[in-house]
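A.B. asks: My questions will all concern the structure given below.
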Amino acid sequence: MSAKEAAGDGEIPRVDALVVGAGCAGGVATLRLAKAGCSVVCLEQGDWSELAEFPAPRPEYELLIGREWANRPSLRGRAADYPIEESDSDIEALMWCGVGGSLIMYAGDWCRLRPSDFRVRTLDGVADDWPFTYGDLAPHYEKVDIEFGASGLGGDPSLPPGADPPHPPLPIGPAATRVARAHAQLGWHWWPGTNSVLSVPAGGRRVCAQWSTCQHGCPEGAKASTDRTHFPEAVEHGAKLVTGARAHRVVLDGRGRATGVEYLLPDGSEHRQRADVILLAASAIGTPRLLLLSATPGSPDGLANGSGLVGRRLMMHPFANVCGYFDEDLRGWNGHWGAKIVSYEFYETDASRGFVRGAKWSLYPTGGPLSAAVPTNPQVAPVWGSGHHRFVRERLGRGVNWGIFGEDLPDPDNRVTLADGLTDSSGLPAPKLTYRLSEEARRLLEFNVERAEESFLAAGARHVERQSLVRDAGWHPLGTARAGKDPSSSVVDGWGRSHDVPNLFVVDGSVFPTSGAANPASTIAAFASRAVDHLIAERTNQKVPV
Amino acid sequence: MSAWRDRSGLADGAREKLAELAELMIPAASGMPSAGEVGVAGAQLDRVLGVRPDLREPVLRALSNTEPTGQLLANVEATDPEAYVALCLVIAGGYYMHPEVRRRLGYDGQEPDEVRAEIIPGYIEKGLLEPVLAQGPRFRAAPDETDRSRKADG
Ligand SMILES: Cc1cc2nc3c(=O)[nH]c(=O)nc-3n(C[C@H](O)[C@H](O)[C@H](O)COP(=O)(O)OP(=O)(O)OC[C@H]3O[C@@H](n4cnc5c(N)ncnc54)[C@H](O)[C@@H]3O)c2cc1C
């Protein structure tokens, strides 16, 4: 497939494929298409990041991550971000807008859903099955493990057998070793975390230098993000990445086929890109927003929304945090952030717990002196005056966190809509989140918080602090354009193709029918890989309409 | 120093009040310097506000509280939580950014320390994974998983 010039639409060039969003899914899709010889343009509202601009080495680091380098776009308020109306949401969304997408900020905890996650309706009688199985996705998990450079230890019995991660595991450090010993004694599952962070140099990227600042940009480039792992190669293969390009409408022709995307540049100028096939990869908040913005008099509820589900079934992985403090200095600030070790002990359903589904645990560091002095957990008051230095010494380097990611089942009332009156820097309506945590998910979190406390006490912790449902921890928005077989109850099919608009695809975290409880980036990447490989194969066979 | 005072529109008193308060919040003890000794209300304050200009307004609001310094913090905490957090961040932020404070704490968190993957992990040597492996598969089998002849569906 080669680049074509516009037919009948002025001077606007037409390409084989247009990708919206240069994040996790957008990177996989753009590279795969470019390598297959397609002419491809990717529109990204943000810009490239330089390693040198990340705040890790700066003494002001801990202050900067509260504002300019915060995970929450509403706090950062950069022109490339869009604000999010969140007053009706129990959880605030976190993301990054720029080349690499939220991977610029993610922790690099690189894990897979489990087989049961794809069969929730069949096994537990709730929510829905996915339109494909773990086995169908497994080859793509293995492909993206290589593309992103996963470091980990093979043989985890909480997963079906398969290829080992391509690189050896990162060191887990003294705190995690203590907790691992406790789990070995308790008979509870634990495994060294697999992280998309290099333990050995690879692909021209450096090895992890244990800054512990993964969630605010990796200054080594050791953490995989598509601005390093995918886009440079995609550009070498001829892909065109347009930064600062904010897509605001997918345009249809009279036959109901997508013809292109209209976008705005930061100077306010309007542009249009035509394409045979359009792939949305703008995240589970950005993609439904764009589909809703693309409403026309003929489809007033938004594009590709015959099911009425665009924007609905938002899932966020409710997150709880349990911190164990120990007597000795465990250098708790050191190492990669993602997961030192993980536990899937309470991942699968056990109906005797009073809820179905489960949670995934990741052990991660505690941060530097400012967070020791002024805890982010609102239930822990700082100590001032004569006790201050003791308070800090007992915390700094001596704590380690169990991060608990709970599964939240899809609820059509939890959703992304367009906000009234709040706009981004281009004047486009911002997304609004409506999200209420179910009672069942609350019980699930509470149960896991109690078990995590037991884990730390078994490991010899002197003191444990809990935070059930952390509000500003919406790192995993999912599910707002769900995949499924039935056009009346899903937005796209299992290959990401819209049931309503045959040359429109969604390949990002929006497609998840259920959330599972494992961090989603590797599943998002694997879904995009599977969908785009299929698209390329079908186009080669001339099955996709042009 | 003066930039903050000028832009704040407050007299010198605000910075002095902050200095007094900071000294009460972080006194010299346990081998650590006091807030005043490392210039929390001086150069450190300017550095903090340089990267967190959003803290200026709530901190000035806190300092406009007329309670005597001894009671000011508790009063602000009770009446204006946002200003309280800003005050804590400005004082602790400036203090813990100071190199001497970091040295005495032994904090080297923001220095590169490259991973050496060739070192055999202690958990392998100590056999900590053996009990996990001994339990066998821990995932729940899902229908269709074994039927690889089934045509993968969209
Ligand atoms: C702080 C943090 C920590 C995380 N940690 C982990 C982790 O450890 N492990 C894990 O698996 N996951 C983690 N995640 C989640 C993970 O990063 C996301 O699930 C993943 O990046 C989502 O991929 P995506 O392709 O759906 O969207 P994104 O990667 O977010 O990419 C979407 C891109 O689309 C662009 N875009 C949106 N709208 C438009 C528009 N209208 N026009 C043009 N461009 C647009 C955005 O600017 C963005 O660059 C974390 C996320 C955050 C924020």
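The values are calculated or read from the model by the stated rules, or taken from the named source; none is laboratory data. Computed from a predicted model, the values in this text were never measured in an experiment. As a convention, Cβ positions derive from the backbone with ideal geometry for all residues, glycine included, and neighbour counts pool all protein chains shown. Each accessible area value is taken on the protein alone, full model and side chains, heavy atoms only, with ligands, DNA and RNA left out. Shrake-Rupley method; radii C 1.70, N 1.55, O 1.52, S 1.80 Å.
A.B. asks: May I ask which residue of A:Thr540, A:Pro300, A:Pro410 lies farthest towards the positive end of the charge dipole of the protein assembly as shown, with charges of +1 (Lys, Arg) and -1 (Asp, Glu) on Cβ and the Cα centre as origin?
C.D. replies: In the protein assembly as shown, that residue is A:Thr540.
A.B. asks: Same structure, new question: Which angle between 0 and 90 degrees, to the nearest 10, do you get for helix A:283-293 versus the longest principal axis of chain A when only C-alpha atoms count?
C.D. replies: In chain A, helix A:283-293 runs at an angle near 40 degrees to the longest axis.
A.B. asks: Further question: Peptide B:85-96: average number of partner chain Cβ atoms within 10 Å per residue?
C.D. replies: The per-residue average across the peptide is 5.
A.B. asks: If I take every Cα pair under 8 Å that is 6 or more residues apart in the stretch A:329-400, average their sequence separation and divide by the length, what percent do I get for the relative contact order? Before the final figure, lay out each step's value.
C.D. replies: On the way: 98 pairs, mean separation 28.2, N = 72.
Contact order relative to length: 39 percent.
A.B. asks: Sorted by accessible area (1.4 Å probe), largest first, how do B:Val85, A:Val492 line up? Show your work: numbers first, answer last.
C.D. replies: Numbers: B:Val85 75, A:Val492 0 Å².
The ranking, largest first, comes out as B:Val85, A:Val492.
A.B. asks: By DSSP, what percent of the beta bridges with both residues in the protein assembly as shown are antiparallel, rounded to the nearest 5?
C.D. replies: Working: 49 of 72 bridges.
Taking every DSSP beta bridge within the protein assembly as shown, about 70 percent pair in antiparallel fashion.
A.B. asks: Where is the GNM fluctuation largest for chain B (alpha-carbon springs, 10 angstrom cutoff): B:Leu21, B:Leu129, B:Leu49?
C.D. replies: B:Leu129
A.B. asks: Right, next: Out of B:Gln135, B:Ala22, B:Ile124, whose Cα points farthest toward the positive end of the dipole of chain B (charges: +1 Lys, Arg; -1 Asp, Glu; placed on Cβ)?
C.D. replies: Sorting the options by dipole projection puts first B:Gln135.
A.B. asks: State which entries of A:Lys143/A:Lys360; A:Lys35/A:Lys360; A:Lys360/A:Lys485; A:Lys340/A:Lys432; A:Lys143/A:Lys485; A:Lys432/A:Lys485 exceed 32 angstrom in Cα-Cα distance in the structure shown.
C.D. replies: Numbers: A:Lys143/A:Lys360 23 Å; A:Lys35/A:Lys360 35 Å; A:Lys360/A:Lys485 28 Å; A:Lys340/A:Lys432 34 Å; A:Lys143/A:Lys485 25 Å; A:Lys432/A:Lys485 28 Å.
As for pairs spanning more than 32 Å Cα to Cα, those are A:Lys35/A:Lys360; A:Lys340/A:Lys432.
A.B. asks: When the helix-only estimate is applied to the protein assembly as shown (DSSP H runs of n ≥ 4, each -39,500 (n - 2.57), divided by the residue count), what is the mean residue ellipticity at 222 nm, nearest 500 deg cm²/dmol?
C.D. replies: Details: 22 runs with 209 residues, N = 700.
Value at 222 nm, helices only: -8500 deg cm²/dmol.
A.B. asks: Next up: If I stretch the segment between B:Ile119 and B:Glu57 completely, what's the gain in nm (0.36 nm per residue apart, minus their alpha carbon distance), one decimal? Write out the running numbers ahead of the final one.
C.D. replies: Numbers: separation 62, 0.36 × 62 = 22.32 nm, distance 5.06 nm.
Result: 17.3 nm gained on full extension.
A.B. asks: Can you pull the semi-axes for the stretch B:12-110, root of five times each eigenvalue of the Cα gyration tensor, sorted largest first, whole Å? Working shown, then result.
C.D. replies: Numbers: eigenvalues 101, 44, 28 Å².
One finds semi-axes of 23, 15, 12 Å for the stretch B:12-110.
A.B. asks: Mind grabbing the accessible area of A:Trp48 for me, 1.4 Å probe, Å², rounded to tens?
C.D. replies: Accessible area, nearest 10 Å²: 100 Å².
A.B. asks: Then there's this: Return one number: the angle in degrees, 0 to 90 and rounded to the nearest 10, between the long axis of the Cα atoms of helix A:134-148 and the longest principal axis of the Cα atoms of chain A.
C.D. replies: 80
A.B. asks: Okay, next question. Just the accessible area per residue of chain B, please: how many Å² with a 1.4 Å probe?
C.D. replies: Details: 7720 Å² over 154 residues.
It amounts to 50 Å² per residue over chain B.
A.B. asks: With +1 on each Lys and Arg Cβ and -1 on each Asp and Glu Cβ, how big is the dipole of chain B about its Cα centre, in debye rounded to the nearest 20? Display every interim value, and only then the final one.
C.D. replies: Working: 18 positive and 25 negative charges, 50 e Å.
The calculation lands at about 240 debye.
A.B. asks: What is the distance, in nm, between label points placed 7 Å from the Cα along the Cα-to-Cβ direction at A:Glu538 and at A:Ala351?
C.D. replies: In this crude spin-label approximation the distance works out to 3.8 nm.
A.B. asks: Run down the aspartates and glutamates and flag those whose C-alpha is under 14 Å from the C-alpha of B:Lys17, throwing out any fewer than 8 positions away in its chain.
C.D. replies: Once the sequence-local aspartates and glutamates are set aside, what remains near B:Lys17 is B:Glu67.
A.B. asks: Select from the stretch A:137-173 all residues whose loss of accessible area on going from the chain by itself to the full protein assembly reaches 40 Å² or more (probe 1.4 Å).
C.D. replies: A:Pro157
A.B. asks: Another question, then. Explain nothing, just the number: relative contact order of chain B, from Cα pairs under 8 Å at least 6 residues apart, as a whole percent. All intermediate terms of the calculation are to be shown ahead of the outcome.
C.D. replies: On the way: 107 pairs, mean separation 30.1, N = 154.
About 20 percent, as a whole number.
A.B. asks: Which of B:Leu45, B:Leu133, B:Leu105 moves most in a GNM of chain B, Cα contacts under 10 Å?
C.D. replies: Comparing B:Leu45, B:Leu133, B:Leu105 in a Gaussian network model of chain B, the most mobile one is B:Leu133.
A.B. asks: Roll a 1.4 angstrom probe over the protein heavy atoms and tell me the percent of accessible area of the protein assembly as shown that is carbon or sulfur. Write out the running numbers ahead of the final one.
C.D. replies: On the way: 12760 of 24890 Å².
The computed percentage sits at 51.
A.B. asks: State the answer as a single residue: which of A:Tyr263, A:Ser343, A:Ala80 lies farthest towards the positive end of the charge dipole of chain A, with beta carbon charges of +1 for Lys and Arg and -1 for Asp and Glu, about the Cα centre.
C.D. replies: Checked the options; the winner is A:Ser343.
A.B. asks: Can you send over the solvent-accessible area of A:Lys240, 1.4 Å probe, protein chains only, in Å² to the nearest 10?
C.D. replies: The accessible area of A:Lys240 comes to roughly 120 Å².
A.B. asks: When 1/r is averaged over all different Cα pairs and the result inverted, which Kirkwood radius in Å belongs to chain A? Numbers along the way, then the final one.
C.D. replies: Working: mean 1/r = 0.0427 Å⁻¹.
Value: 23.4 Å, from the Cα pair sum.
A.B. asks: May I ask for the angle, rounded to the nearest 10°, between helix B:13-25 and the longest principal axis of chain B, with both axes built from Cα atoms and the value confined to 0 to 90°?
C.D. replies: On a 0 to 90 degree scale, this one is about 50.
A.B. asks: Now, a different point. Which ³J(HN,Hα) values in Hz, rounded to whole numbers, follow from the phi angles of the stretch B:60-76 under the Karplus curve 6.51 cos²θ - 1.76 cosθ + 1.60, where θ = phi - 60° and Gly and Pro get x?
C.D. replies: Result, rounded to whole Hz: 4, 5, 4, 6, 7, 4, 8, 4, x, 3, x, 9, 4, 4, 4, 5, 5.
A.B. asks: Could I ask something else about it? May I ask for the Rg/Rh ratio of the stretch A:287-419, computed from Cα atoms with Rh as the Kirkwood radius, given to two decimals?
C.D. replies: 1.17
A.B. asks: Ok, one more. Taking the solvent-accessible surface of protein heavy atoms with a 1.4 Å probe, what is the per residue accessible area of the stretch A:237-337 in Å²?
C.D. replies: 32
A.B. asks: Hey, another quick one. Given the whole protein assembly as supplied and a 1.4 Å probe, what does the accessible area of A:Cys323 come to in Å², nearest 10?
C.D. replies: 10
A.B. asks: Could I ask something else about it? As a test of the definition: with a 1.4 Å probe, what buried accessible area, both sides summed, do you compute for B against A, in Å² to the nearest 100? Can you show the working numbers first?
C.D. replies: Values: alone 10790 and 19980 Å², together 24890 Å².
Using a 1.4 Å probe on protein heavy atoms, the buried area is about 5900 Å².
A.B. asks: Compute the distance in nm between two label points, each set 7 Å from the Cα along the Cα-to-Cβ direction, one at A:Ser87 and one at A:Ser386.
C.D. replies: In this crude label model, A:Ser87 to A:Ser386 measures out at 4.7 nm.
A.B. asks: Here's another thing I want to ask about it. In whole Hz, with x marking every Gly and Pro, tabulate ³J(HN,Hα) for the stretch A:240-245 from phi via Karplus 6.51 cos²θ - 1.76 cosθ + 1.60, θ = phi - 60°.
C.D. replies: Once rounded to whole Hz, the list reads 10, 10, 9, 8, x, 9.
A.B. asks: Now a separate question. So, R0 is 30 Å and r is the distance between the beta-carbons of A:Asp327 and A:Glu236; what FRET efficiency does that work out to, to 0.05? Each step should come with its number before you reach the end.
C.D. replies: Values: r = 53 Å, r/R0 = 1.77.
That gives a FRET efficiency of 0.05.
A.B. asks: Something else: For an R0 of 35 angstrom, estimate the FRET efficiency from the Cβ-Cβ distance between B:Asp80 and A:Leu51 and round to the nearest 0.05. Show your work: numbers first, answer last.
C.D. replies: Values: r = 39 Å, r/R0 = 1.13.
Efficiency for this residue pair is about 0.35.
A.B. asks: Can you tell me, using C-alpha contacts under 8 Å and at least 6 residues apart, the relative contact order of the stretch A:124-269 as a whole percent? Display every interim value, and only then the final one.
C.D. replies: Details: 156 pairs, mean separation 23.0, N = 146.
Here the relative contact order equals 16 percent.
A.B. asks: Roughly how many debye, to the nearest 20, is the charge dipole of the protein assembly as shown about its Cα centre, given +1 on each Lys and Arg Cβ, -1 on each Asp and Glu Cβ, and no other charges? List each step's numbers first, then the result.
C.D. replies: Working: 72 positive and 90 negative charges, 146 e Å.
Taking the Cα centre of the protein assembly as shown as origin, the dipole is about 700 debye.
A.B. asks: Note down the nm distance, to one decimal, between modelled labels 7 Å out along Cα→Cβ at A:Leu265 and at A:Val126.
C.D. replies: In this crude label model, A:Leu265 to A:Val126 measures out at 5.0 nm.
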